[in-house]
Structure formats: C-alpha cells, structure tokens
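Input: a single structure, listed below in structure tokens.
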Amino acid sequence: MIEADIQLNEEGSAFAPFSVRMLLQSSILDKLEPLQTIGVVASKEFSLEKVLEKMRNDWEGVAFRITEYKDTGTYIMGGTDEVQVSPLIPFVDHTEFVSSR
C-alpha cells in the first residue's frame, strides 16, 4: 500500500531517506487516512509494550508457594502478601489491551 511508493534502503531492512518533496510527489496526501490509522495503532502498540515491560520487571523475582491443604488433594497458593500490598504491581485495565488491536 504505502511502502510500494517509498524505496527501501540498500539492505532492504528500512526505508531509505526521503524528503517532504518526495512524499508529496508520491501523493502521500491521498493516503492520509490510512497513515493516520497506522499511526494510532502503532502508538497504542508502543504503549502496550511499555506497560507489559513494566509488568514483567515488577513481577520478576516474585515467587509463590504451593502447599497442599491438609490431605484433601487441594492446593493453596501462598506468598501473595507482598503482591497484595505492593504498589509496584500496576493495575492494567483490560480496555488498554483491547484498544491496542
């Protein structure tokens, strides 16, 4: 769609340098709506990646204990006290994940 109008660099891994004049010559203004959509989606994905990275870092080193409750075959997860009181574990609204799609 858009990448067909702009040349890749010699390695084919990124776009070669381009100017505003080159964009205008390739009718970039006709593609404004798809570009805006791509920008919005990319921004949401970046935000989500940052939130997930922070969550991974916050949860790193947290260990839970699994112990059997009496002889019932039921198990209980222990070691959750630090998670319940930790301000480091962010609450992420599910809408942030849904809106990144």
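What follows is calculated from the coordinates using simple rules that are stated; it is not laboratory data. Bear in mind that the values here come from a model prediction, so they are computed numbers and not experimental data. We place every Cβ from the backbone using ideal geometry, glycine too, and count neighbours over all the protein chains shown.
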So for the pair T37, A63, with labels modelled 7 Å out along Cα→Cβ, what separation do we get in nm?
-> 5.0
Please work out the FRET efficiency for the pair K54 and M77, using the Cβ-Cβ distance as r and a Förster radius of 25 Å; give the result to the nearest 0.05.
-> 0.60
For K44, which lysines qualify as cross-link partners when the Cα separation must be under 28 Å and same-chain residues fewer than eight apart are set aside?
-> K31, K54
